[in-house]
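Heads up, the thing below is written out as structure tokens.
The values are calculated or read from the model by the stated rules, or taken from the named source; none is laboratory data. Everything numeric here is computed off the predicted structure, so don't read it as measured data. Here the Cβ positions follow ideal geometry from the backbone for every residue, glycine too, while neighbour counts run over all protein chains shown. Areas reflect the complete protein model, heavy atoms only, side chains present, ligands, DNA and RNA absent. Shrake-Rupley method; radii C 1.70, N 1.55, O 1.52, S 1.80 Å.
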Amino acid sequence: MEREVLEISHLRKQYDGQTVIDDLSLTVHEGEVIVVIGPSGCGKSTLLRCVNALEDIQGGQIRLHGEPISQKSRNLQQLRQKVGMVFQNYELFPHMNVLDNILLAPVKAQKRARREVKEEAMALLGRVGLENRAESYPRQLSGGQKQRVAIVRALCMHPELLLFDEVTAALDPEMVREVLEVILDLADQGRTMLVVTHEMQFARAVADRIIFLDQGRICEEGPPETFFDAPKTERAEKFLKTFTFERKNKSKSGIRPGEEKL
Amino acid sequence: MPDLGLEVLWKGKNLIRLLGGLGIALRISLVSVLISIGLGTLLGMVRRKEKGLPKVIMRLYLEFIRIMPQLVLLFLVYFGTTRSFGWDLSGETAAVIVFSLWGTAEMSDLVRGALNSIPVHQYESAEALGLWEKQIYRYVILPQAVRRLLPPAINLVTRMIKTTSLVLMIGVVEVLKVAQQIIEANRMSSPNAAFGVYLAVFVIYFCACWPVSLAAKKLERRWR
Ligand SMILES: Nc1ncnc2c1ncn2[C@@H]1O[C@H](COP(=O)(O)OP(=O)(O)OP(=O)(O)O)[C@@H](O)[C@H]1O
Ligand SMILES: [Mg+2]
């Protein structure tokens, strides 16, 4: 088995006494793509936010390459630099152009040479088809373009783990694909990723392993084929049903039986 | 051509005296504005996390300063302190104290509002990138907050400049006071002096405030 990048053990997270994540354990190996799915409010975002210590936790431990990460970590900033996170609403810095958005953390937090990072940033922008938008400001970009910039911004930090939280949920349908293709490409490069998504087709394609979360617990996990085609738990089956639609009463000609055409 | 009473301006040193009055008004404004921006910014940053008693006290202070007409505050500080504490403040010092108290209160509110208007996600995405707290403020939060702060802050500055005209009431010889003196002195020779002199006062105050708001507009446009 590959080296472990992330080990979550017995994680417990509460908001004002209300348990949102309950005794959750999960190990992510190098190069593995894990897709987390589950009903709204089941704690998917919270889980990702705990992983890079945007939330304090009430129990358990999260380790990154064996090193515990929490809001109390002494070297919290260095640890966070190893985790790239992409949010649903891009969260680019509106007062900076695309290039400055990307360069800020590598240059200021990692103290790398601006020239070197810029070269890398331009190459990555080229890879996501945005090489000519380096000077644009976020407000001049479409949602899909902003999200691709946000991904490049995370990549430029050389993270060992990438977190994606419903990164296409705020996008118009025709822009979803351009972003998902970037993530598929990253998966092919062997990146280690933890992905939250509501796009089931995409989940199936990109995942090495599906984690189905319900009420803050892992309800079911397994390879995507098994999970989608033959879910073991009733909850998962019920959840997957919400993505398929059927009309109870439909004839081929479009007219209900017994009804006359006018 | 009607007699606008403009000729008194050219008599003797009248225009120079008016401009000298503007100098005093601007000096009071400048000192109070600088104090207000400094203290107000600090206070505004502190006030973001305030709760309990300090919050109540700040709220009361702010409301008090806002509700009181500036003139009443001026009288309170200038005459009140002499009576109660035996202090002998100069009119200019009293004016600076009042305008600083006022400006600091308003500025702290503006700063707090500007900082609070930056969405929490901006902090989080900067944190997620592994930036240190100081860097987050310096590169992400403050630049955005300053852009939002600028229009209301400039508005405050021009209001402060305008309000300095009140200090004639406590004996500081500034523009309006000089104007009244000139009108008084020329009552016989040019009865229409009031119009001309107040017109000049209008132009002088306009010239003092206009560049400030012009500069602000320019900055705003550049940052949009
Ligand atoms: N800051 C907060 N304070 C209190 N409760 C919160 C907070 N953030 C989230 N919660 C609660 O925690 C639970 C899990 O929220 P979370 O955002 O992780 O869900 P999610 O699985 O990401 O849902 P969605 O699919 O809608 O994004 C929800 O019940 C939510 O109400
Ligand atoms: Mg969520």
If A:ASN52 passes every condition in (1) over 15 Å from A:LEU213 (Cα atoms); (2) within 15 Å of ligand 1 (Cβ to nearest atom); (3) in contact with a helix residue (DSSP H, G or I) (Cβ under 6 Å, 6 or more places away or on another chain); (4) modelled with pLDDT of 95 or more but one, which one does it miss?
(4)
Of everything in segment A:74-95 that's in a strand (DSSP E or B) and within 16 Å of ligand 2 (Cβ to nearest atom), which residue is nearest to A:GLU30 (Cα to Cα)?
A:MET85
Are any of the residues in segment A:148-160 open to solvent by 40 Å² or more (accessible area, probe 1.4 Å), more than 14 Å from every other protein chain (Cβ to nearest Cβ) and either without any contact (Cβ under 8 Å) to a residue 24 or more places away in the chain or closer than 24 Å to A:LEU76 by Cα (or both)?
no
Could you check how many residues of segment A:73-100 are more than 10 Å from chain B (Cβ to nearest Cβ) and either more than 16 Å from B:TRP132 (Cβ to Cβ) or crowded, with 22+ Cβ neighbours inside 10 Å (or both)?
3
If only one of A:PRO231, A:PRO159, A:PRO224 is modelled with pLDDT of 95 or more and farther than 30 Å from B:ALA126 by Cα, which one is it?
A:PRO224
Would you check if A:ILE57 is more than 14 Å from ligand 2 (Cβ to nearest atom), more than 8 Å from every other protein chain (Cβ to nearest Cβ) and open to solvent by 10 Å² or more (accessible area, probe 1.4 Å)?
yes
The condition of being under 21 Å from the mean Cα position of the chain (by Cα) and either more than 30 Å from A:LYS13 (Cβ to Cβ) or more than 8 Å from chain B (Cβ to nearest Cβ) (or both) holds, among A:LEU103, A:LEU124, only for A:LEU124
Looking at the structure I just gave you, is A:LEU24 aliphatic (A, V, I, L, M) and away from ligand 2 (no atom under 16 Å from the Cβ)?
no
Residue among A:GLY190, A:GLY129, A:GLY216, A:GLY222 that alone is open to solvent by 30 Å² or more (accessible area, probe 1.4 Å), within 29 Å of A:GLY66 (Cα to Cα) and over 14 Å from the mean Cα position of the chain (by Cα):
A:GLY190
Against the conditions (1) more than 10 Å from every other protein chain (Cβ to nearest Cβ); (2) touching a Leu at 6+ places or on another chain (Cβ under 6 Å); (3) open to solvent by 10 Å² or more (accessible area, probe 1.4 Å), where does A:ARG114 fall short? Just the number, please.
(2)
State yes or no: is B:SER213 within 18 Å of the chain's Cα centre (by Cα) and either open to solvent by less than 70 Å² (accessible area, probe 1.4 Å) or touching a residue at least 40 places away in the same chain (Cβ under 8 Å) (or both)?
yes
Which helices (runs of 4 or more DSSP H) does segment B:76-147 wholly contain that include 2 or more residues that are away from every other protein chain (no Cβ under 14 Å) and open to solvent by less than 30 Å² (accessible area, probe 1.4 Å)?
B:91-116
Could you grab the pairs with beta carbons closer than 7 Å, sequence gap of 6+ or different chains, first residue in segment A:35-51 and within 14 Å of chain B (Cβ to nearest Cβ), second one within 9 Å of ligand 2 (Cβ to nearest atom) and hydrophobic (A, V, I, L, M, F, W, C)?
A:SER45/A:VAL196; A:LEU48/A:VAL196
